[in-house]
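J.: The following block contains the structure, expressed as structure tokens.
Each reported figure results from applying straightforward, stated rules to the coordinates on display, with no laboratory input. Bear in mind that the values here come from a model prediction, so they are computed numbers and not experimental data. Cβ placement follows ideal geometry from the backbone for every residue including glycine, while neighbour counts extend to all protein chains displayed.
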Amino acid sequence: MDGPTRRDFAWTMVEAGLFPVVEAAPGRNPARLRMIRRKEWRPCYLALESSGELARRVGLLHSIYRECHLCPRQCGVNRLKGETGICRSTSRVKVASAHPHFGEEAPLVGRRGSGTIFFSNCNLRCEYCQNWEISHRGDGSYMSDEALGRLMAAMQDRGCHNINLVTPTHCVPNIVSALRTAITLGLRVPLVYNCGGYEPLEVLRLLDGIVDIYLPDFKYADGAMAEKYSAGARDYPEVAMAAIAEMRRQVGNLTGDEDGIALRGLMIRHLVLPDNIAGTEKFVRFVAEKLGPDTYVNLMSQYRPEHRARHYPELARRITGAEYRQAINWARKAGLTNFETQ
Ligand code: SF4
């Protein structure tokens, strides 16, 4: 093969600072997975590529850029002409970092890490964002779709168990286009769609058969909170509930291999916020009643005030032990049987 090999490409990424290694987070409780044999599993995107459907989806997704409604903000700008909406992104994909991550949920991390790709910019723009340099300021480097595909394949070559797409919503067309390149380079690990939960059904349906693992946040159960802390996204609760139900329909409950590595399914993250701003009790009831009590939920306690949180007295502190215990009690009372605590 002429030109750089994939291993060369991976090392170029290391040298460019795109492949730092993140240390493991201690003390995680393992989730329960329904087990299937690894040799009986194939990533779902291979079937769509073979049938020609993946190429068709790339075309459909790219056409959305012309009058952008990739997310519920529905800005209507022509991103192909360089116009930008709330997410401040054109149709060129920008990547902030890429690395094997050992701080994600245990079924994603395994022994060799989750192949995490952080996309620059975001459609939610939360006031307390812990990655604000990437999500708000847009730190990162532009990349062609082909280079993004090579990056995915390089992650697999490093041994990562999956490709973990962080904040993918505003660049889905580039990701699916890049996936086609990665498949030609031998990609065979699951795609993880690691999003804020603010996703339109139209786009999710175009991802049906492409994504094996959905990893959405559920941020707020009250629209007034979403409006105040996430740039006016008042419809967040109903949008996220419908989106997560669609994700569940597509991939079902969490399934993994003989070693407990996730292969397919829904994993929901919920960050407990001070003063119950996130609406944890309503959230756990929604999961138990609409998705099923055995749905995997990660109830996260690590909120810390970042970015503009200090402008809101109620957000300017970490949660207390009592607040977290209350969240766990709500989850138990709702009947959830597969939630992880940290
Ligand atoms: S993806 Fe960006 S430009 Fe498109 S609708 Fe959402 S916020 Fe607006």
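J.: What shape does the range 33-110 take by its C-alpha gyration tensor, where a ≥ b ≥ c are the square roots of the eigenvalues and a/c under 1.5 counts as rounded, a/b above b/c as prolate, and the rest as oblate?
T.: Oblate, because a/c is 1.5 or more while a/b does not exceed b/c.
J.: Near the amide H of Ser141, under 5 Å away, which other amide H atoms are found, from residues 5 or more places off or on another chain, if H is placed in the peptide plane?
T.: Those lying under 5 Å, H to H, from Ser141 are Val95, Ala96.
J.: Next question. Going by how many other Cβ atoms sit within 10 Å of their own, how do Phe102, Phe118 line up, fewest first?
T.: Phe102, Phe118
J.: Given charges of +1 on the Cβ of Lys and Arg and -1 on the Cβ of Asp and Glu, with all other atoms neutral, how large is the dipole of the chain about its Cα centre, in debye to the nearest 20?
T.: Rounded to the nearest 20 debye, it is 180 debye.
J.: Could you tell me whether the range 29-341 comes out rounded, prolate or oblate from its Cα gyration tensor? Rule is a ≥ b ≥ c as square roots of the eigenvalues, rounded for a/c under 1.5, then prolate if a/b exceeds b/c, otherwise oblate.
T.: Verdict is oblate for the range 29-341.
J.: Next question, about the same structure. Along the range 175-191, what does the Karplus equation 6.51 cos²θ - 1.76 cosθ + 1.60 (θ = phi - 60°) give for ³J(HN,Hα), rounded to whole Hz, x for Gly and Pro?
T.: Values per residue, Gly and Pro as x: 5, 6, 4, 5, 4, 5, 4, 4, 5, 5, 8, x, 4, 9, 9, x, 8 Hz.
J.: May I ask you to list the GluC sites (Glu not before Pro) in the range 246-298 that are in a DSSP loop and have at most 13 other Cβ atoms within 10 Å of their Cβ?
T.: Glu258
J.: Counting only helical runs of four or more DSSP H residues, what would the 222 nm mean residue ellipticity of the chain come to if each run contributes -39,500 (n - 2.57) and the total is spread over all its residues?
T.: After summing the helix terms and dividing by the residues of the chain, the value is -9500 deg cm²/dmol.
J.: In the chain, what % of DSSP beta bridges are antiparallel (nearest 5)?
T.: Counting DSSP beta bridges with both partners in the chain, the antiparallel share is about 30 percent.
J.: Under a crude label model (7 Å from the Cα following the beta-carbon direction), how far is Arg325 from Met35 in nanometres?
T.: Label at Arg325, label at Met35, 3.6 nm between them.
J.: I'd like to know which of Gly186, Gln342, Val203 lies farthest towards the positive end of the charge dipole of the chain, counting +1 on Cβ of Lys and Arg and -1 on Cβ of Asp and Glu.
T.: Gln342
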